[in-house]
Structures are given as C-alpha cells and as structure tokens.
1. Counting other beta carbons within 10 Å of each Cβ, put V108, V64 in order, fewest first.
2. When the helices in the chain are scored as -39500 (n - 2.57) per DSSP H run of 4 or longer and the sum is shared across all residues, what 222 nm value do you end up with, to the nearest 500 deg cm²/dmol?
3. Using R₀ = 22 Å, calculate the FRET efficiency as 1/(1 + (r/R₀)^6) where r is the Cβ-Cβ separation of F10 and L106; round to 0.05.
4. Dipole size in debye (nearest 20) for region 39-121 around its Cα centre, Lys and Arg Cβ +1, Asp and Glu Cβ -1?
Amino acid sequence: MRIAVTSQNFRTVTGHAGKTRRFLVFEAQGDAPPQEVERLDLPREMSFHEFHGDGPHPVDGVDVVITAGCGAGFARRLGGRGIRVAVTPLEDPLAAVQAYADGKLLPVDPAQMAGHDHHEH
C-alpha cells in the first residue's frame, strides 16, 4: 500500500491538506515496517487548492493521504481520484503511517465532516 503524508517541512505531519505542496510517500507491505520511498515537492499550482484539472496529479497512485487536518471538500476530491484520506493527531509521519497500516487510524467519511468543510473552488 502506498501512503502519502502531508508534510510541509518534511519532518512532521502537517495540516491544511488542500494547500500542502510537500508529501512524504511511504510503502507499507504486510508485517514489514513502512519505508519512505519518495518525497514530493510540488509547485503551488499543483496543490489541491489550486489544481482543478481532470488530468493526472503527482499524488495519483497512492492509496491514502494522511494529514493533520483537512476539509470535507479535500476528502471528497481525493475520494473522486480513488484516494482515501485519514486525519491524525500524530506528528511523526512514520508513526501515522504505521497506525494506518495497523488499522488504528481509519479513513474519514466526507459526509460526516459537513461541519468542517472549507470553501471549495
């Protein structure tokens, strides 16, 4: 499973997922510890806040995006791309990925986030 973590500083899990341009990408396979396999440092126009195209996006191909915070619109947009979203209070990216892989961190349901929606463009 490929898991991307929003991390503006490449050290901690950060929020404002729609505006995030930096992602740590991990591979989690079975019982093996997750491994960081890639770092994405995207131009501003590729943040989901700015990106409105139907074409490919550099985050495509991951199964899950883990973030410290997002709105329902972000979760819906990624869901439309076949990507689940999980929100964590954990600051350590590896710990967050391990929690997801262990089933201790679950994907959000955008319909349950209605009160937490940010504006959509």
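Read-outs: derived from the displayed coordinates by stated rules, not from any lab. Given the structure is predicted, the values throughout are model-derived calculations rather than measurements. Every residue, glycine as well, gets a Cβ built from its backbone with ideal geometry; the counts of neighbours run over all protein chains shown.
1. V108, V64
2. That calculation yields -4000 deg cm²/dmol at 222 nm.
3. That gives a FRET efficiency of 0.30.
4. Dipole about the Cα centre, nearest 20: 120 debye.
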